[in-house]
1. Would you confirm whether any residue within region 30-51 is surrounded by fewer than 12 Cβ atoms within 10 Å (Cβ to Cβ) and either in contact (Cβ under 8 Å) with a residue 24 or more places away in the chain or touching a helix residue (DSSP H, G or I) at 6+ places or on another chain (Cβ under 6 Å) (or both)?
2. Could you please let me know if residue 76 is closer than 30 Å to residue 243 by Cα and surrounded by fewer than 17 Cβ atoms within 10 Å (Cβ to Cβ)?
3. Check off (1) surrounded by 15 or more Cβ atoms within 10 Å (Cβ to Cβ); (2) part of a helix (DSSP H, G or I) for residue 14 and give me the number that stays unchecked.
């Protein structure tokens, strides 16, 4: 669990809601159905026009990584690879087959299967790098969904503000209708700027950081498996892979 993300979301909500209360506006002042429709629904509409459906759905499927990122314990993976290196040098690559059946990480399983099947090191590198690049790009497309939401939301906030002011101008002769138009104008601006800068853009950046960490770990795996395939000793493999751990 990423405690910093939880604290950040809570502080963001406290800043907006608490600021409204301290300014004397109250919590109710932050809700306006028209502003919500224009800014939030409009922002999602704009993003749906921009992205492919699989990327959009994937973005929300990896949203949980902001609070519960996938395991990226490089030290644990390094220990696994060094153990496999000892086994392979002592008993041969086929001795890794029972371990392969117990491995849960799909990327590791694919690499180990290539090892056990006796694939050449360059073949292993090519297959795993293609897998790595395609997975990283798809994950980044998901992260860019939130980046796009953060890009469009402030603009839609301005659109909502202008529409609220237009409503005000149309009802200058009816003072009772002026309040709703002004509220829409100001609340729409809050929705656009606050949602982008407190949620959408930070979520995008956190997902990109998680994806980069996962990519680095997979690069460690590729180099480790290549070392085993070449028959390198465990000490030289460890010396190389330590550079990935930060």
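The values are calculated or read from the model by the stated rules, or taken from the named source; none is laboratory data. Computed from a predicted model, the values in this text were never measured in an experiment. Ideal geometry is used to build each Cβ from the backbone, glycine not excepted, and the neighbour counts take in all protein chains shown.
1. yes
2. Working: closer than 30 Å to residue 243 by Cα: yes; surrounded by fewer than 17 Cβ atoms within 10 Å (Cβ to Cβ): yes.
Here the answer is yes, as residue 76 does meet what is asked.
3. (1)
Residues checked against (1) outside the structural domain of residue 86 (by TED's automatic domain parsing); (2) surrounded by fewer than 17 Cβ atoms within 10 Å (Cβ to Cβ); (3) in contact with a strand residue (DSSP E or B) (Cβ under 8 Å, 6 or more places away or on another chain); (4) modelled with pLDDT of 90 or more:
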{"residue": "170", "(1), (2), (3), (4)": "no, yes, no, no"}
{"residue": "181", "(1), (2), (3), (4)": "no, no, no, no"}
{"residue": "188", "(1), (2), (3), (4)": "no, no, no, no"}
{"residue": "192", "(1), (2), (3), (4)": "no, no, no, yes"}
{"residue": "207", "(1), (2), (3), (4)": "no, no, no, yes"}
{"residue": "229", "(1), (2), (3), (4)": "no, no, no, no"}
{"residue": "235", "(1), (2), (3), (4)": "no, yes, no, no"}
